[in-house]
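Student: Mind having a look at this structure? Questions to follow.
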């Protein structure tokens, strides 16, 4: 069995780049490559071992290896390798499957193969029409909602609420598949594109029409209540993909920045320039970066004069120099775009 070519580099400095794999590769060979590459190139690998212990790491790896050895389908393989990676830290590590080609840009998924991959993903019992007909209109957490391109129906099933797909892309998601689950006092599980669950925080009703859990937002299809001004600002902040400033009163400005990704820098800078006089003349500034994406240090550089008045000390980062990580920097240097 030949392992496939995994076409991304892991772990430059503090973050790991995505790992890509083809669907026709054997899982043990993929895991062996990921494990070796991660151990040799991740800047945080040694730190994780120091904090959690080598014995714990060996036990974790042995358990994953035992599971890997029994896996034959690529979806479960991807999810299992990802669970191994998450032991080190919950963020800045990702893994993605390719259905063809050797790079992410060449991957063109075949709809039939994608649907077949997720044919056994969790789904409700019975039909989606039966699920919809049993919704209790007096339960504020039940109903039909939209979230991006998804239309989702929620119903209480036992001690928890289940959200099932009513309509979506018909490739990765088909009617009746479970998109979310939650209890009123617990966190909400949101099923990602590969149908793996991600805990996203405790759900809360902003009003009867808007259910929020961290970055997940559900908007009720049939409105029960018009939002007030405070709710409207919150919803605008949650929905906006661009930064904006809004005055709350004579003494307070509200500055929403949804992302510090590098491509957001010109928008952040333009908002600061447009409101420069207001920002410097108003005593209070609320800077809202909730559910942010992280991003580039350069993207927030123009904010710094608004946040301090005296000299500050900036601590840089160190890069873990390995042959693989060094090549990534050489590739950056050689890229004219």
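Student: Of the listed values [x] 1.00; [y] 1.16; [z] 1.11, identify the label whose number matches Cα Rg over 2.2 N^0.38 Å calculated from this model.
Tutor: [y]
Student: Explain nothing, just the number: relative contact order of the chain, from Cα pairs under 8 Å at least 6 residues apart, as a whole percent. Present the calculation step by step, with values, prior to reporting the outcome.
Tutor: On the way: 517 pairs, mean separation 39.6, N = 337.
Reported as a whole number, the value is 12 percent.
Student: Applying a 10 Å radius around every beta-carbon, put 58-68, 80-90 in order of their mean neighbour count, most first. Present the calculation step by step, with values, prior to reporting the outcome.
Tutor: Working: 58-68: 14.2, 80-90: 17.2.
Order by mean packing, descending: 80-90, 58-68.
Student: Measure off 7 Å from each Cα along the Cα-to-Cβ vector at residue 133 and residue 324, then give the distance between these two points in nanometres to one decimal.
Tutor: 5.5 nm
Student: Now for a separate question. Using Cα pairs closer than 8 Å and at least 6 residues apart in sequence, work out the relative contact order for the range 128-220, in percent. Let's see the in-between values first.
Tutor: Details: 193 pairs, mean separation 17.7, N = 93.
Relative contact order of the range 128-220: 19 percent.
Student: Running a GNM on the chain with Cα contacts under 10 Å, which residue among 74, 305, 184 ends up with the highest mean-square fluctuation?
Tutor: With Cα springs under 10 Å in the chain, the top fluctuation among 74, 305, 184 is at 305.
Student: Of 49, 141, 188, which is the most mobile in a GNM of the chain whose springs link Cα atoms less than 10 angstrom apart?
Tutor: 49
Student: Neighbour counts of other C-beta atoms within 10 Å: give me 259, 196 arranged from fewest to most. Before the final figure, lay out each step's value.
Tutor: Values: 259 20, 196 17.
Ranked by crowding around the Cβ, least crowded first: 196, 259.
Student: Ranking 251, 210 by Cβ neighbours within 10 Å, fewest first, what do you get?
Tutor: Numbers: 251 9, 210 20.
Result, fewest neighbours first: 251, 210.
Student: Nearest-5 percent of antiparallel DSSP beta bridges in the chain?
Tutor: Details: 37 of 47 bridges.
Around 80 percent antiparallel, to the nearest 5.
Student: Ok, one more. Only counting other Cβ atoms within 10 Å, I'd like 308, 47, 161 sorted with the fewest neighbours first. Don't skip to the answer; put the middle values down first.
Tutor: Details: 308 9, 47 12, 161 20.
The order, fewest Cβ neighbours first, is 308, 47, 161.
Student: At residue 72 and residue 331, where each label point lies 7 Å from the Cα along Cα→Cβ, what is the point-to-point distance in nanometres?
Tutor: 3.4 nm
Student: What number, in percent, do you get for the relative contact order of the range 229-307 if the mean sequence gap of Cα pairs under 8 Å and at least 6 apart is divided by its residue count? Show your work: numbers first, answer last.
Tutor: On the way: 105 pairs, mean separation 26.6, N = 79.
Computed value for the range 229-307: 34 percent relative contact order.
Student: Ok, one more. Could you work out how much longer the chain between residue 116 and residue 222 gets when fully extended? Use 0.36 nm per residue separation minus the Cα distance between them, nm to one decimal.
Tutor: On the way: separation 106, 0.36 × 106 = 38.16 nm, distance 3.33 nm.
Residue separation times 0.36 nm, minus the Cα-Cα distance, leaves 34.8 nm.
Student: What value, in deg cm²/dmol to 500, does the helix sum -39500 (n - 2.57) over DSSP H runs of n ≥ 4 give at 222 nm once divided by the residues of the chain? Could the numbers behind the result be given before it?
Tutor: On the way: 11 runs with 107 residues, N = 337.
Computed ellipticity for the chain at 222 nm equals -9000 deg cm²/dmol.
Student: Separate question: Run the simple label-point estimate for residue 312 and residue 96 please: 7 Å along Cα→C-beta, distance reported in nm.
Tutor: Distance between the two pseudo-spin positions: 3.2 nm.
Read-outs throughout are calculated quantities, based only on the coordinates presented, and are distinct from any laboratory measurement. Here the structure is a predicted model, which is why all the values come from computation and not from measurement. Here the Cβ is made from the backbone with ideal geometry for all residues, glycine too, and neighbour counts use every protein chain on show.
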